[in-house]
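One structure is given below, encoded as structure tokens.
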Amino acid sequence: MTDRRPLAHSRRTLLAAGLGAGLCVVWRPARALSDALSGALRGFTGGAATSEGKVNFDIAPLVENGNTVPITVTVDNPMTVANHVQAIAVFNEKNPQRDVVSCKLTPRMGRAVVSTRIRLATTQQLVAVARLSDGSFWTHTVDVVVTLAACIE
């Protein structure tokens, strides 16, 4: 009877290597915003500084059809007269027009949530930004892979 231990060790090594390679593909560091996307963001903020946080940008990381992509932007902030979200906007990197959607909000809305469907030309980076009544801007950036492109004319 042969010892099966070397085969088990080899199998574990192969499994660990495969898992490590998978993490390298899935766990990518965030990349810097492109010049076009930074310019669109500066246009909305008036050049003011932005901070990451408070904004949750819900979009699928892998989109099969770029013609109709559901998105939801939620801002974790109270909607009182003294402290509320004034506007939410979404910008993209590679569509013909950089601004995807821009919504104005009031305290009467109760919650800072915007949902819609958008078109995406190709794999790209998107940024959701919220303007608060205190003058601060909060963002959330996502990378989206699109398999069937839209907005191509």
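The values are calculated or read from the model by the stated rules, or taken from the named source; none is laboratory data. Every value quoted in this text rests on a predicted model; they were computed, and no experiment measured them. Glycine gets a Cβ as well: all are built from the backbone with ideal geometry, and neighbour counts include every protein chain shown. The accessibility values were calculated without ligands, DNA or RNA, using every heavy atom of the protein model including side chains. Shrake-Rupley method; radii C 1.70, N 1.55, O 1.52, S 1.80 Å.
Highest average first, the peptides 126-135, 106-115 ordered by how many other beta carbon atoms sit within 10 Å of their residues are 126-135, 106-115. Label-to-label distance for residue 148 and residue 48 is 4.1 nm, based on points extended 7 Å past Cα in the beta-carbon direction. Rolling a 1.4 Å probe over the protein heavy atoms of the range 55-153, with every protein chain left in place, gives an accessible area that is 51 percent carbon and sulfur.
Lys and Arg at +1, Asp and Glu at -1: add these up for the other residues within a Cβ distance under 13 Å of residue 101 and post the number. That sum, taken over residues with Cβ under 13 Å, equals +3. Taking the three principal axes of the alpha carbon atoms in the range 24-153, the coordinate ranges are 44, 32, 25 Å, sorted in descending order.
Residues whose amide H comes within less than 5 Å of that of residue 101, counting only those at least five positions distant or on another chain, are 90 (H built at 1.01 Å from N in the peptide plane).
For the range 55-153, the per residue solvent-accessible surface stands at 51 Å², with DNA, RNA and ligands left out and a 1.4 Å probe.
Annotation: extensible slack from residue 136 through residue 113 equals 6.5 nm (criterion: 0.36 nm per residue apart, minus Cα-Cα distance).
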